[in-house]
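What follows is a short report on a single structure.
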Amino acid sequence: MIAFGPMRCMALAAAAALAGCAFVPRDYPRLNEVRAERAQVAGDASIARHAAAELRSADEVLERAGAARDTLDDSAVVDHLSYVAKQRLAIAVESARLREAMEAMREFPPSLSATPR
């Protein structure tokens, strides 16, 4: 049996601690930014009502970006997926605005919406 002295045990513990730090996911500003935007959009009931499919699509890509970060995937992959999620989130917001405006137009009386000149 091999005996380990206190210095050798401390050296092994230090090496293990340093190796553990090497595998901590990095901070990705673009991912953090799109997560903050998603949190802000979460409070908007209009977007959830008028653009649920687009919002789901953005959430799926955002989850993939988070998974890529957590599995220490290439940083370019994380940034790319974050960018795609941000664009899909913007599409969801604009789709909701468009659908809300179209809904509001349908509520106008016919005499006001088709006024001849």
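Please work out if A3 is part of a helix (DSSP H, G or I), loosely packed, with under 12 Cβ neighbours inside 10 Å and at pLDDT below 90. Before the answer, list the steps.
Numbers: part of a helix (DSSP H, G or I): no; loosely packed, with under 12 Cβ neighbours inside 10 Å: yes; at pLDDT below 90: yes.
When the stated conditions are applied, A3 does not pass them.
When you check R69 against the structure, is it at pLDDT 95 or above and surrounded by 10 or more Cβ atoms within 10 Å (Cβ to Cβ), yes or no? Spell out the reasoning first.
Details: at pLDDT 95 or above: no; surrounded by 10 or more Cβ atoms within 10 Å (Cβ to Cβ): yes.
The answer is no for R69.
In region 102-113, is there at least one residue being at pLDDT below 90, surrounded by 10 or more Cβ atoms within 10 Å (Cβ to Cβ) and either under 10 Å from the mean Cα position of the chain (by Cα) or of a type in the set (S, T, Y) (or both)?
Within region 102-113, one or more residues are at pLDDT below 90, surrounded by 10 or more Cβ atoms within 10 Å (Cβ to Cβ) and either under 10 Å from the mean Cα position of the chain (by Cα) or of a type in the set (S, T, Y) (or both).
So which residues in region 41-60 are crowded, with 19+ Cβ neighbours inside 10 Å, under 18 Å from A101 (Cα atoms) and small (G, A, S)?
Correct list: A51 only.
The values are calculated or read from the model by the stated rules, or taken from the named source; none is laboratory data. Here the structure is a predicted model, which is why all the values come from computation and not from measurement. Because the Cβ atoms are built from the backbone with ideal geometry, glycine has one as well, and the counts that use them run over all protein chains shown.
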